[in-house]
Every structure is written in C-alpha cells, then in structure tokens.
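Here is the structure we will look at.
The values are calculated or read from the model by the stated rules, or taken from the named source; none is laboratory data. Since the structure is predicted, the reported quantities are computational estimates derived from the model, not experimental observations. Here the Cβ is made from the backbone with ideal geometry for all residues, glycine too, and neighbour counts use every protein chain on show.
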Amino acid sequence: MLESLLQLLNRERPREIVWTADITYWIAGRREDGSAKPEWDTEEGYLRLHNDLGILPYYYYKKFWAGEPRYEGSVEVIEEKAGHVHTRRMRTPVGELTGRTVYLPDSCSLGIAKHFVTTEADLDILLYLMQHRTLMPSHLDDWPQRREMWKAYDGLPCIGLPRSPLASLFVEWAGVENAAYLIMDCPEKINEILKLMEEQEAPIIAAVCRLAPPLVHFADNLTSDSLTSLYDKYMAGPHQRRIDRLHAAGVKCAVHLDGSVKGLLPKLVCSGFDAIEALTPKPAGDLDLEEIDDLADSQTVILWGGVPGVMFAPPYTWPQMRAHVERLLASWGDRPFVMGVADQVPPDGNIEFCRRIADLAGSR
C-alpha cells in the first residue's frame, strides 16, 4: 500500500486501495486493562501490529512533532503531577499562566481542566511568552533512517508540523470559547501573537523543506463548528504561505479535519492542500459520504478517512460496518482517496474490524 500512497500523492492512479488506521487510542485501552503486549511499545513491534491488522503504518506520536518550543531564561516552566492531575505553570516577569489537564482512566483520555489563557491579562502574559520563545526542529535528523525501517513494513512515518497560529491559540492556550471572546475584545493583541507564532515556524518549515519528505501533516485538529467563520481572515494566509514553501520543495501537504466537515472542506481545498485527512462522515459526522465527495468539488485533492471510529464500538455491528465500507468504496472509488479511520479506533473498539476491512479492500 505504500507504493499506492506515493502514487496518490503524485496524482497517479494507485495500484490498490490504501487502508490505514490510527490505533494509538485502542492501544491505550489495552494498556489500561493490562492486555497490551510489551512489544507494542517498541517502534518495530508497533509496525508489526499494523501488518498483522492489514493496515498501512502511518500514525506514530512518539516522534511526531517536527518542532518543539524553547523559552529564554526569563521564563520558568514548572511541572506538577498529583495522581491523574497534571499542572503546568509558566512564570514570567509579567505574570504567570497555569494550565491543568486530568487523565480519565475510564475513557483513556486527557481532559483540559483549566486553560492557560482566559482573560486579557493572561493574553498579555502569552504575548510575553511568544516574544521570548523560539521553535526548534525536532525528530527530523533520524527520519530518513526511520523511513527505511518503516518501508520494510509498508509504511511511512508521519511528520506533524506545529499547529498553525490560530489552531495553536485554540487548542494549546485558550480553548474555543475564551479564544473567540479574546479575538473580539483584543484584536490587536491577538494579531500580534499570531504574527509571532507564524514567524517562529520559519526554521521548522526550512528544515522540513531540506528533508523533503513526500508528505507532512498540518496537525491543526480542525472542525467547522468553531473555525469556519474565522478561517478566511486568520488561517487561509498562514496555510497558503506554508503550502507554497513546502510545494516548492516537493513536499505534499495534508491537513487534519476530524470534526464537522461542511464549512471548512471547500476552504481547505481552495488553500491548496493535497489531502484532507480524518474526514468523518455520518453516522458520526455532519455529511454523508456522497456529500463529502460533492463538496470537495475537486478530482485532485485526496479525501482521507471515511470510516467513523465510533462504528468499531457497540452498538454497531460488523454487518453495519461492512455495509458502510462498501458504500465508501462505491462513493469514493472513482476519485483519489485513502480509506482511513476517522479519527481513531476507540479503546472499546473491535480491532478485528481492521482485518475484515483490509480483506474487503483487497477484494476490489
């Protein structure tokens, strides 16, 4: 399937259907219930599991992010852990920001209990942090060697770019509600912070262009519910400037859209993305498979996803999943697409469905 993925990226007709799945969340469930195999913690054991399941290895988060932040000496970062609660304090000469997350064992997930930025005063501290931060390339030096290892397992190790500025503000710092109010109330400060964030991407983009992998991921975790009305003003420009530099180096670009699809899909197509990944149709999303195909209105962009993660878990059954996959193959079969789980196989999902879907895809 790796050869077929590369053919898709080169706008060639693939030899076979590419089927991939992010099984990280499912593995987390197995660790929680004690049934995970120790070998899954090694990169090669993780790759072998993918081969056993019949899926192309792609998602791997231990070496995912292509950039990491570095703060000057005037910024002190303090980590505190108490049980399932993780608190992060960022102290500066102009004040302190505190963020808090809580691990939820029942769902094997991490929830944000407190965002760093909620007020204009917090925004002033965030501005100071951005003025005293740089982004440094990471996980790129050994990528060529890792790519060779992954090739033996018919896979491609993903590379995640730092979240683009508005996505970073929403996901990493303020949350949707706080960010929306601050954009309305403090537009000048928001614009200055977003400008600094984009400027700091430069060494990461330059390093990725030198590496010239076949594909990188814009790890923005987009959803139309919260970002459609802000996309043209705050995201289109940064996305297009990134894409132009990466395309000039021969690097294809995918973006992660795993929430509601309707508002953002056509905008992302217009921005020049080569692939739009984790597209989630009904019964979990807001559009059905045919509507997603029609809305993309492009025979060059790769639709990536189509298999809702919720359908791996009860009350859904294999006959329902099989019918959905057959409909996907019929709906998207004449256009460039990667069949993928949207967005992850859940901890209570039936992992055997992956093998069955691989058999369905292989029979076409």
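Here TYR59 qualifies as of a type in the set (Phe, Trp, Tyr) and closer than 30 Å to ARG335 by Cα. Looking only at residues that are surrounded by fewer than 16 Cβ atoms within 10 Å (Cβ to Cβ) and among the small types (Gly, Ala, Ser) in segment 83-104, which one is farthest from CYS209 (Cα to Cα)? Among them, the one singled out is GLY83. With respect to (1) farther than 19 Å from TRP150 by Cα; (2) surrounded by 16 or more Cβ atoms within 10 Å (Cβ to Cβ), the lone exception for LEU9 is condition (1). Close contacts from segment 228-244, counting a first residue that is surrounded by fewer than 20 Cβ atoms within 10 Å (Cβ to Cβ) and a second that is of a type in the set (S, T, N, Q) and modelled with pLDDT of 95 or more, with Cβ to Cβ under 6 Å and a gap of 6+ residues or different chains, come to ALA236/SER271; GLN240/SER271.
Please verify whether SER260 is hydroxyl-bearing (Ser, Thr, Tyr), outside any strand (DSSP E or B), buried (at least 17 other Cβ atoms within 10 Å of the Cβ) and within 15 Å of the chain's Cα centre (by Cα), treating the condition exactly as stated. Break it down stepwise before answering.
Details: hydroxyl-bearing (Ser, Thr, Tyr): yes; outside any strand (DSSP E or B): yes; buried (at least 17 other Cβ atoms within 10 Å of the Cβ): yes; within 15 Å of the chain's Cα centre (by Cα): yes.
So SER260 passes the test.
ILE112 fulfils the conditions (1) in contact with a helix residue (DSSP H, G or I) (Cβ under 8 Å, 6 or more places away or on another chain); (2) among the β-branched types (Val, Ile, Thr); (3) surrounded by 15 or more Cβ atoms within 10 Å (Cβ to Cβ) except for a single criterion, (3). Summed over segment 148-177, residues that are surrounded by fewer than 16 Cβ atoms within 10 Å (Cβ to Cβ) and either hydroxyl-bearing (Ser, Thr, Tyr) or closer than 20 Å to VAL18 by Cα (or both) total 4. Answer yes if at least one residue in segment 280-301 is closer than 19 Å to LEU8 by Cβ and part of a strand (DSSP E or B), and no otherwise. No, segment 280-301 contains no residue that is closer than 19 Å to LEU8 by Cβ and part of a strand (DSSP E or B). Quick check: anything in segment 49-63 assigned to a helix (DSSP H, G or I) and under 24 Å from PRO336 (Cβ atoms)? For segment 49-63, residues assigned to a helix (DSSP H, G or I) and under 24 Å from PRO336 (Cβ atoms): present. Within segment 323-346, residues that are closer than 10 Å to ILE17 by Cβ and touching a residue at least 60 places away in the same chain (Cβ under 8 Å) sit with their Cβ atoms under 6 Å from residues that are surrounded by 23 or more Cβ atoms within 10 Å (Cβ to Cβ) and aromatic (Phe, Trp, Tyr), at 6+ positions apart or across chains, in these pairs: VAL338/TRP304; MET339/TRP19.
I'd like to check something: does segment 122-135 contain any residue that is hydroxyl-bearing (Ser, Thr, Tyr), outside any helix (DSSP H, G or I), at pLDDT 95 or above and more than 29 Å from SER226 (Cβ to Cβ)? Checking segment 122-135: not a single residue is hydroxyl-bearing (Ser, Thr, Tyr), outside any helix (DSSP H, G or I), at pLDDT 95 or above and more than 29 Å from SER226 (Cβ to Cβ). In segment 62-82, the count of residues that are over 25 Å from PRO137 (Cα atoms) and surrounded by 15 or more Cβ atoms within 10 Å (Cβ to Cβ) is zero.
Each row is one residue, and each column tells you yes or no for (1) within 17 Å of the chain's Cα centre (by Cα); (2) of a type in the set (Ser, Thr, Tyr); (3) at pLDDT below 95.
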position: GLY160; (1), (2), (3): yes, no, no
position: SER164; (1), (2), (3): yes, yes, no
position: GLU172; (1), (2), (3): yes, no, no
position: VAL176; (1), (2), (3): no, no, no
position: ALA179; (1), (2), (3): no, no, no
position: PRO187; (1), (2), (3): no, no, no
position: ALA212; (1), (2), (3): no, no, no
position: ASN221; (1), (2), (3): yes, no, yes
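When residues in segment 73-105 are screened for being over 25 Å from the mean Cα position of the chain (by Cα) and in a loop (DSSP other than H, G, I, E, B), 6 of them pass. Among the residues of segment 301-311, not a single one is β-branched (Val, Ile, Thr), at pLDDT 95 or above and more than 19 Å from ASP258 (Cβ to Cβ).
Contact map, segment 347-358: first residue free of Cβ contacts under 8 Å to residues at least 40 places away in the same chain, second residue of a type in the set (A, V, I, L, M), Cβ cut-off under 9 Å, separation 6 or more or different chains; pairs are ASN350/ALA313; ASN350/MET321; GLU352/LEU53; ARG356/MET321; ARG356/VAL325.
Looking at segment 311-334, which of the residues that are under 27 Å from LEU8 (Cα atoms) and either in contact with an Asp or Glu (Cβ under 7 Å, 6 or more places away or on another chain) or among the β-branched types (Val, Ile, Thr) (or both) is surrounded by the most Cβ atoms within 10 Å (Cβ to Cβ)? In this case the residue turns out to be TRP332. Note on segment 106-118: residues that are part of a loop (DSSP other than H, G, I, E, B), over 13 Å from ARG89 (Cα atoms) and touching a residue at least 40 places away in the same chain (Cβ under 8 Å) total 3. All conditions in (1) assigned to a helix (DSSP H, G or I); (2) in contact (Cβ under 8 Å) with a residue 40 or more places away in the chain; (3) surrounded by fewer than 19 Cβ atoms within 10 Å (Cβ to Cβ) hold for ASN221, with the sole exception of (1).
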